[in-house]
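Read the structure below first, then the notes.
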Amino acid sequence: MTAQEVRLCGLLLQEHFGEVVERIGTHLLRGGAQNLRTIANETNTPLDLVKKSLCVLVQHGACEFGSGRRGPGSPVEYRASCERVLRVLRYPRYIYTAKTLYGDTGELIVEEVLQRGHMTMSNTVKTVADRLTHNMEEGRSMEYSEVVSAFSKLVETHFLQRCPPVAEMGTAATSSTPATPGTPAAPASTAPPTAESNPDCYKLPHVTLTGCGKRRRSSDDSEEQRGGKKAKMDSESCGDEGIYWQVNFERFHQHFRDQAIVSAVASKLDQTSSEIVRTMLRMSEVTTTQTAAYTQPLSANEIFRSLPPNYSISRPILDQYLSLLVDDPMEFVGKSGDSGGGMYVVNLQRALANLARATLESVVQERFGSRSARIFRLLLRKRHLEQKQVEDFAMIPAKEAKDMLYTLLSENLVQLQEIPKTPDHAPSRTFYLYTVNQLPTARLLLQHCYKTVANLIERRLFETKENKRLLEKSQRIEAILASLQASGAEPEQLTEVEEMITAPERQQLEALRHHINKLDSTENQVDETVFLLESYIFSTKTK
């Protein structure tokens, strides 16, 4: 875990959960597994606040716990998960994907589960139905059955999964590594059980929910304060008490990866080729694990039958497209057999490597120009070249090529390898070869991306803090306008309230909102690069 990752995690925790949770979370990220008393003493935080902060982190899956390193009977130790905290950055993308696939209902279900960490199915359905009903016209309401249907679809496609029981988390830590006499106890594993270890991970409980969402009134604010007690009563009366659901981030990441592969094929070849690859990925999306190097083999006959109806291509044309994809230098699609008209797979590792490579080339071109990008691509393709060979192959004058190579070398984007002819490493008898190691370069760029996102968040927080008074004034006026409109006020009254914000203040507000929206969109764009690089680095670990 690097300093940039810890810094970004701290900013995310502070923005979403407050300063106390940020202090506890960053301390655990830096110090590793610690017990409750140690955390309270080293952070100078009251024990009560530490407990509440740990509850928040555990609720959202950002903290794991298990028996201590001294063996059974020792105090429970807590360990923060940097990877899980960084997922907070991708929350808007998860929610937007759910909206794209399953409409407004799917969007609100994923949003509620992400905000609460984990929820029961009955509570989720009721909350989402109430929110949808509140936004509908007067006299209309959202049926619980429609929300249950959307929830079921999310579970069937593995976007939602059951949380592992807490009892298993505790016992797995003690039973997984039995200690032998005369040897010290091994550190207990604090990793929770994986989704695959739970056979009922994607099994829906039998929930008795009838009725429709209720419209929220202003007098219901006191009821919202009793949300915890009310939620507990509701879950007990619906038959799914104790069965909590969480977002399956790996399944979302698999969807993002598939979308990136389809987009790459569409830009390199054409729309029909990308639709064939999309069909192959869709057919094997639930059966392909996150660590798989290839999708499940699919016959040409199966692919032909599963193509969308609007793509009315003949079987010979499909065979030609599959042959074109197999022969393409990108190697996104491979052939694994000849039965059933040919067995085809999508080479996921090769696809991620090509996507990461394109990202690296794009970064070099944007930062150092097209000529430097030409040298970078040349070294990626040829692996090892002397300076004279780089000048000749890239067709760049010697002085410019030398400057560009040294610039890339100083930024650690290019490495220099020495191959001596004699043991004394004399410069006159040594080959100096330039090369690009894609994996270390991807790791370097990933750290730069973390730093960029952290800078963007800090800038956004600074802009918001500097204009805090103006933003609060705008929110107060908007609340007054909303209450007046609800009570049927005269247009003159509304105009009078709107004029409480002067023209210069209105311009300043517009500029501030435009600036913050730009920072938000930039964060999301950088996160797309982060996702590609993380996926590529993870794929290299599973080879």
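The values are calculated or read from the model by the stated rules, or taken from the named source; none is laboratory data. Being a predicted model, the structure only gives us computed values, none of them experimental. Positions of Cβ are backbone-derived with ideal geometry, glycine not excepted, and every protein chain shown enters the neighbour counts. The area values use the complete protein model at the heavy-atom level, side chains included, leaving out ligands, DNA and RNA. Shrake-Rupley method; radii C 1.70, N 1.55, O 1.52, S 1.80 Å.
Taking amide H positions as placed 1.01 Å from N in the peptide plane, with prolines and chain starts having none, which residues 5 or more places from N35, or on another chain, fall under 5 Å of its amide H?
Y78
Could you grab the relative contact order for the range 33-140? Cα pairs under 8 Å, six or more apart, rounded to a whole percent.
The value is 20 percent.
If I model a spin label as a point 7 Å beyond the Cα along the Cα-Cβ vector, how far apart are those points for R513 and K473 in nm?
Here the answer is 1.6 nm between the modelled labels.
Taking the Cα-to-Cβ direction at S306 and at Y202 and moving 7 Å from each Cα, how far apart do the two end points lie in nm?
Simple spin-label model gives 1.3 nm for this pair.
Give me a comma-separated list of calculated 3J(HN,Hα) values for the range 14-19, in order, Karplus coefficients 6.51, -1.76, 1.60 applied at θ = phi - 60°, integers in Hz, x for any Gly or Pro.
5, 5, 9, 10, x, 6
Across 5 Å bins from 0, what is the distribution of all Cα-Cα pair distances for the range 1-52, in whole percents?
4, 21, 33, 23, 16, 3
What are the ³J(HN,Hα) values, in whole Hz, obtained from phi via the Karplus relation 6.51 cos²θ - 1.76 cosθ + 1.60 with θ = phi - 60°, for each residue of the range 298-311 in sequence order, with x given for Gly and Pro?
Result, ordered by residue: 10, 7, 4, 5, 5, 4, 4, 6, 9, 5, x, x, 6, 9 Hz.
Please report, to two decimal places, log10 I(q)/I(0) for the range 48-151 at q = 0.09, 0.14 Å⁻¹ as given by the Debye formula with identical point scatterers on the Cα atoms and no solvent.
For the range 48-151, the Cα-only Debye profile gives -0.34, -0.68.
Give me the number: length gained by fully extending D328 to S483, i.e. 0.36 nm times residue separation minus the C-alpha to C-alpha distance, one decimal in nm.
49.6 nm
On the accessible surface of the range 351-436, probed at 1.4 Å, how many percent belong to carbon and sulfur atoms?
51 percent
Quick check: with the 1.4 Å probe, what order do F538, F151 take by accessible area, largest first?
F538, F151
What Kirkwood hydrodynamic radius, in Å, does the range 398-491 give when the mean of 1/r is taken over all pairs of distinct Cα atoms and then inverted?
The Cα-based Kirkwood calculation yields 19.3 Å.
Report the gain in length on full extension from M136 to N455: 0.36 nm times residue separation, minus Cα-Cα distance, nm rounded to one decimal.
Going from the current span to full extension adds 110.9 nm.
Ranking request for peptides 348-358, 374-384: highest mean number of other beta-carbon atoms within 10 Å first, then the rest in descending order.
With the highest mean Cβ count within 10 Å placed first, the list reads 348-358, 374-384.
Suppose we take every Cα in the range 3-87 and form the convex hull; what volume per residue is that in Å³?
Taking only Cα atoms, the range 3-87 has a hull volume of 87 Å³ per residue.
If I take R0 = 51 Å and measure r between the Cβ atoms of A426 and H448 in this structure, what FRET efficiency does the formula 1/(1 + (r/R0)^6) give, to the nearest 0.05?
Working from the Cβ atoms, E equals 0.85.
Kindly give Rg over Rh for the range 266-325, based on alpha-carbon atoms, with the Kirkwood expression for the hydrodynamic radius.
Answer for the range 266-325: 0.96.
Ignoring ligands, DNA and RNA, what percent of the 1.4 Å accessible area of the range 261-346 is carbon and sulfur?
In the range 261-346, the share of accessible area belonging to carbon and sulfur is 52 percent.
Consider the candidate values [x] 31.9, 94; [y] 28.0, 93; [z] 24.4, 84; state which one is Rg and Dmax of the Cα atoms in Å computed from the structure displayed.
Checking each listed value against the structure points to [y].
Could you tell me which of rounded, prolate or oblate describes the range 483-543, using a ≥ b ≥ c as the square roots of the eigenvalues of the alpha-carbon gyration tensor, with rounded for a/c under 1.5 and, failing that, prolate when a/b is larger than b/c and oblate otherwise?
Oblate is the answer for the range 483-543, as a/c is 1.5 or above yet b/c matches or exceeds a/b.
Got a number for the accessible area of D424? Probe 1.4 Å, square angstrom, nearest 10.
Its accessible surface works out to 90 Å², give or take rounding.
Under 5 Å between amide hydrogens, which residues at least 5 positions from N347 or on another chain qualify, with H placed 1.01 Å from N in the peptide plane?
Answer set, sorted by chain and number: V333, G334.
Roughly how many percent of the accessible protein surface of the range 1-74 is carbon and sulfur, given a 1.4 Å probe and a whole-percent answer?
48 percent
Set the bar at 24 Å for Cα to Cα. Now go through K99/K518; K268/K399; K268/K518 and name every pair that lies beyond it.
Table pairs above 24 Å Cα-Cα are K268/K399; K268/K518.
Over the Cα atoms of the range 332-445, compute the convex hull volume and normalise it per residue, giving Å³.
152 Å³
For the chain, with every protein chain kept in place, what is the accessible area per residue (1.4 Å probe, Å²)?
53 Å²
Using r as the Cβ-Cβ distance of T157 and E112, and R0 as 22 Å, what FRET efficiency do you calculate, to the nearest 0.05?
The value I calculate is 0.80.
Test of understanding: what is the full-extension gain from E366 to Y294, defined as 0.36 nm times their sequence separation minus their Cα-Cα distance?
Full extension from E366 to Y294 adds 22.7 nm.
For S149, what is the net charge nearby, where nearby means another residue's Cβ is under 14 Å from its Cβ and Lys, Arg count +1, Asp, Glu -1?
Value of the local net charge: -3.
Largest first and in whole Å, give the semi-axes of the range 237-347's equivalent ellipsoid, each being the square root of 5 times a Cα gyration tensor eigenvalue.
Square roots of five times the eigenvalues give 31, 15, 14 Å.
Just add up the charged neighbours of I243: K/R +1, D/E -1, any other residue whose Cβ is under 11 Å from the Cβ of I243.
Surrounding charge for I243 is -1.
Extending each Cα 7 Å along its Cβ direction at E490 and L47, get the distance between those two points in nm, one decimal.
Taking the simple label geometry, E490 and L47 are separated by 6.4 nm.
Enter the accessible area of H253 (Å², nearest 10), with the probe set to 1.4 Å and all protein chains included.
Counting only protein heavy atoms, the figure is 20 Å².
What is the dipole size for the chain, taken about its Cα centre, with +1 at each Lys and Arg Cβ and -1 at each Asp and Glu Cβ, in debye to the nearest 20?
Result for the chain is approximately 1680 debye, rounded to the nearest 20.
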